[in-house]
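The values are calculated or read from the model by the stated rules, or taken from the named source; none is laboratory data. Quick caveat: nothing in here was measured; it's all calculated off a predicted structure. Cβ sites come from the backbone with ideal geometry, for glycine too, and all protein chains shown count toward neighbours. Ligands, DNA and RNA are excluded from the accessible area calculation, which covers all protein heavy atoms including side chains. Shrake-Rupley method; radii C 1.70, N 1.55, O 1.52, S 1.80 Å.
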Amino acid sequence: MPMTTLHEMFVHGLRDMYHAEKQLTKALPRMARAANDAELRAAFESHLEETNGQIETLEQVFESLNVAARGVRCEAIEGLVAESREIIEGIEDERVRDAGLVLAARKVEHYEIASYSALAEVARELGKTEAAKLLSDILQQESAADSKLGKLAASGINKAAARDGRGSSGAARAA
């Protein structure tokens, strides 16, 4: 169905993110199980709870707009989730896998940050102040999740992966 108005595009964007968040409720437990680092595992588990809350918040946004809460396929998130599966299945060294999981999760967070930022802006333009506030709340959560992942990577996950026991960290520095 072609979109002809900003409102239709906005609802489509919301439905895209609704589907994305639902996909993440399936991916985050897999990522948590695959994580070796206890703090990373806890971050994924905590973000799963937050994601469930974000789904509820999106349902409130739909309700405020008097439109049905349903998803439309989000190919972007499906691709990002597929990347996380490749990391889980393709990297044997648990330290390197943890670094890969952080990378994959941060890609997801950046997609969500861009999406919720744009959706909140559109909501404001449409005069949907309640929707804009709710979307801004989700945006803050996603930004905080990205920051937490960045701190985990910087505080040791990436260093541990660089010391993978195969001498690749020295080769990488020399390159």
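When 134, 152 are checked against the criterion of being open to solvent by less than 30 Å² (accessible area, probe 1.4 Å), in contact with a helix residue (DSSP H, G or I) (Cβ under 9 Å, 6 or more places away or on another chain) and more than 27 Å from residue 8 (Cβ to Cβ), a single residue qualifies: 152.
Suppose we keep only residues that are touching a Lys or Arg at 6+ places or on another chain (Cβ under 9 Å) and either of a type in the set (Val, Ile, Thr) or open to solvent by 50 Å² or more (accessible area, probe 1.4 Å) (or both) within segment 78-91. Which one would you say is modelled with the lowest pLDDT? Taking the candidates together, the pick is 91.
Applying the set (1) in a helix (DSSP H, G or I); (2) open to solvent by 60 Å² or more (accessible area, probe 1.4 Å); (3) at pLDDT below 95 to residue 141 leaves exactly one unmet item: (3).
Of all the criteria given as (1) open to solvent by 60 Å² or more (accessible area, probe 1.4 Å); (2) among the aliphatic types (A, V, I, L, M); (3) not in a helix (DSSP H, G or I), the one not satisfied by residue 72 is (1). Within segment 92-106, the set of residues being out of contact with any Asp or Glu (no Cβ under 7 Å at 6 or more places or on another chain), within 28 Å of residue 12 (Cα to Cα) and open to solvent by less than 30 Å² (accessible area, probe 1.4 Å) comprises 105 only.
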